[in-house]
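The values are calculated or read from the model by the stated rules, or taken from the named source; none is laboratory data. Keep in mind it's a predicted model, so treat the numbers as computed, not measured. Here Cβ is always computed from backbone atoms with ideal geometry, including for glycine, and neighbour counts include all displayed protein chains. Just the protein is used for accessible areas: all its heavy atoms, side chains included, with ligands, DNA and RNA removed. Shrake-Rupley method; radii C 1.70, N 1.55, O 1.52, S 1.80 Å.
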Amino acid sequence: MQEKIIILDFGSQTTQLIARRLREMDTFCEILPYNKFPVGDKDVIGVILAGSPYSVYDPEAFKVDLSQFIGKMPVLGICYGAQFISHTLGGRVEPADSREYGRANLTTIDTTCPLFKGFEANSQVWMSHGDTITALPDGFRCVASTDKVKFAAYAAEDKKVFGVQFHPEVFHSLQGTQLLKNFVVDICGSHQTWSPANFVDTTVQELKEQIGNDRVILGLSGGVDSSVAAVLLNRAIGRQLTCIFVDHGMLRKDEFKNVMRDYECLGLNVIGVDASDKFFKDLEGVTEPEKKRKIIGRDFVEVFDAEAKKITDAKWLAQGTIYPDRIESLNITGKVIKSHHNVGGLPEEMHLSLCEPLKWLFKDEVRRVGRQLGMPEHLIGRHPFPGPGLAVRILGAITREKVSVLQEADNIFIQGLRDWGLYDQVWQAGAILLSEVRSVGVMGDERTYENPVALRAVTSTDAMTADWAHLPYDFLAKVSNDIINKVRGVNRVCYDISSKPPSTIEWE
Ligand code: XMP
């Protein structure tokens, strides 16, 4: 039995954060769309109804049948979740006089309520809602208030139903983790057994049973996820696993060589394929970002497919898919900003079954599992790098020459981050070549007319949102100097100070 908490998604941006907090408490949880509660699943020990951009009065607001779980297991409503429960069970929800947004303090707290065990007076919370609860259903009582929000939290302890109008999952709710822990551990009774060691043991066992004596193919990208998936599979089935690492020619400087060596040291059975000629040829003259991405995605599949077909008795295709890649999140706008392409996606006629051993893990958990498997820190702590590589960091058409200019600049930046002890403080970093822009400079007594390079470094926890990293000026000055002096063709360096949103992390 894998006990778990179900988090019902009503479209809020912070739903994933709730799941991350629970996992940090060594408790397994799943995010499911609001209407997909797994009725009858005996492993479910509690439910959280998360937030939503809608008001309970919006005609398109998401509704759920509460009788599926109320009275059967503990329930916690957060923000919209709390309002929905109150509204549905006979309380009253009304538009607030002014939108309640930002920091607030709980001026009264009933610490006899198990949800608020250990809470300090005036505990700071984070509010973000347009409606507010103005009357509670029968049998519910108020257990916390702020000076503006009377029913900041409620409880119906006999039914084990709780609601909070603030967001315990966000960092600014200072005792939010305590509240979630009170719910998950004390009220739902989680045994907190979800850990990397436990995950490795059970997954290795499951993979052995699932795969038996079959052969498995896995596409490596050099990134953390596919590498950890490979090492995990290697532990379970050893030489039955064949890994394929495609070099499209737009990786970082020396990346292909270095990563191949790392993989070999880890005992993996890897085929390295240099397909750069094909990629450069197909990308010739292409400047439009989405077109570049589509060509690279298609070429990847073709190259990978051709290699995979050589392993004629393979039965499985393994991928380093992780949980955030699969969460069936309610994308309310439905708009595609960028199409992200990864290795894999073999044509269906190959009849390979899919094996995704990391499909339940968040990124930080993948790293913990990698450490548990004894992988070297430089492989585990590696920054994310986009599948299309430097192709989406060269603005304009791609040539081998431009790639090598960018590789040099990027290498100075990344090596500098490592030397200055800054590498692990940023989520990801890289250089961008503005190959269609030229500006005037002066070197020695000569006029130059060359391209600028932009440097991008961001802090983030999941790449959904990001802030530009406030790197020290001295560091930026040194890197700028080194790039302009050492990289031919570059005479200007800029630092990107845009956050996401409204910008994105990659430039294309
Ligand atoms: P954006 O640019 O959308 O990037 O803010 C968010 C994160 O995704 C990475 N990224 C990709 N990863 N294939 C990948 O595997 C892709 O096509 C791709 N495009 C962007 C990006 O580096 C950042 O970490």
query: Ranked from the most accessible area to the least, with a 1.4 Å probe and all protein chains present, what is the order of 250, 443?
result: 443, 250
- prompt: Short version: ³J(HN,Hα) in whole Hz for each residue of region 384-392, in order, from phi by Karplus 6.51 cos²θ - 1.76 cosθ + 1.60 (θ = phi - 60°), x for Gly and Pro, what are they?
  reply: x, 9, x, x, x, x, 5, 4, 8
- line: Given a 1.4 Å probe, the accessible area of region 4-187 per residue, as a whole number of Å², is 40 Å²
query: Which residues make up the longest stretch of the chain clear of chymotrypsin sites (Phe, Trp or Tyr not before Pro) that lie in a DSSP loop with no more than 16 other Cβ atoms within 10 Å, not counting the sites?
result: 172-419
task: Would you check the accessible area of residue 508, probe 1.4 Å, heavy atoms only, in square angstrom rounded to 10?
output: 20 Å²
message: Using only Cα atoms and rounding to the nearest 10 degrees, what angle (0 to 90) does helix 363-372 make with the longest principal axis of the chain?
response: 70 degrees
field: Sequence of 112, 202, 132 when ordered by accessible area, the most exposed leading, probe 1.4 angstrom
entry: 112, 202, 132
- prompt: Which percent of the accessible heavy-atom area of region 391-495 goes to carbon and sulfur, probe 1.4 angstrom?
  reply: 49 percent
field: log₁₀ of I(q)/I(0) at q = 0.10, 0.12 Å⁻¹ - the chain, Debye sum with one point per alpha carbon
entry: -0.90, -1.15
- prompt: Percent relative contact order of the chain, based on C-alpha pairs within less than 8 angstrom and at least six residues apart?
  reply: 11 percent
- request: Could you do me a favour and compute the accessible area per residue for region 243-299, 1.4 Å probe, result in Å²?
  value: 45 Å²
task: Per DSSP H run of n ≥ 4, the term is -39500 (n - 2.57); total these for the chain, divide by its residue number, and report the mean residue ellipticity at 222 nm rounded to 500 deg cm²/dmol.
output: -9000 deg cm²/dmol
task: Take every Cα pair under 8 Å in region 50-90 that's 6+ residues apart, average their separations, divide by the length, and report that relative contact order as a whole percent.
output: 51 percent
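Evaluate E = 1/(1 + (r/R0)^6) for residue 122 and residue 186, where r is the Cβ-Cβ distance and R0 equals 22 Å; express this FRET efficiency to the nearest 0.05.
Details: r = 23 Å, r/R0 = 1.02.
The value I calculate is 0.45.
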- prompt: Net charge near residue 245, counting Lys/Arg +1 and Asp/Glu -1 over other residues with Cβ under 13 Å of its Cβ?
  reply: -4
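Round to the nearest 0.05 the FRET efficiency obtained for residue 312 and residue 148 when R0 = 60 Å and r is the Cβ-Cβ distance.
Result of the calculation: an efficiency of 0.30.
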statement: Between the Cα axis of helix 289-310 and the main Cα principal axis of the chain, the angle (0 to 90°, nearest 10) is 80 degrees
message: If I fit a long axis through the Cα atoms of helix 224-237 and take the longest principal axis of the Cα atoms of the chain, what angle between them do I get, 0 to 90°, rounded to 10?
response: 90 degrees
- prompt: How large, in percent, is the carbon and sulfur part of the accessible surface of region 196-380 at a probe radius of 1.4 Å?
  reply: 48 percent
- request: Collect residues whose amide H, placed 1.01 Å from N in the peptide plane, falls under 5 Å from the amide H of residue 93; neighbours closer than 5 in sequence don't count.
  value: 134
field: Straight-distance crosslink candidates among aspartates and glutamates, where the alpha carbon sits under 12 Å from residue 117 and sequence neighbours closer than 8 are dropped
entry: 186
Relative contact order of region 59-137, pairs being alpha-carbon contacts under 8 Å that are 6 or more residues apart, as %: 35 percent
- request: Identify all aspartates and glutamates with a Cα-Cα distance to residue 402 below 13 Å; exclude those on the same chain that are fewer than 8 residues away in sequence.
  value: 284, 410, 436, 450
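Please state the charge dipole magnitude for the chain, taken about the Cα centre, from unit charges on C-beta atoms (+1 on K and R, -1 on D and E), reported in debye and rounded to the nearest 20.
In total the dipole reaches around 200 debye.
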statement: Note, region 473-484: 3J(HN,Hα) by Karplus (6.51, -1.76, 1.60, θ = phi - 60°), whole Hz, Gly/Pro = x, goes 4, 4, 5, 4, 4, 5, 5, 4, 4, 4, 5, 5
field: Flagged links, alpha-carbon separation over 22 Å, of 278/359; 36/63; 36/363
entry: 278/359; 36/363
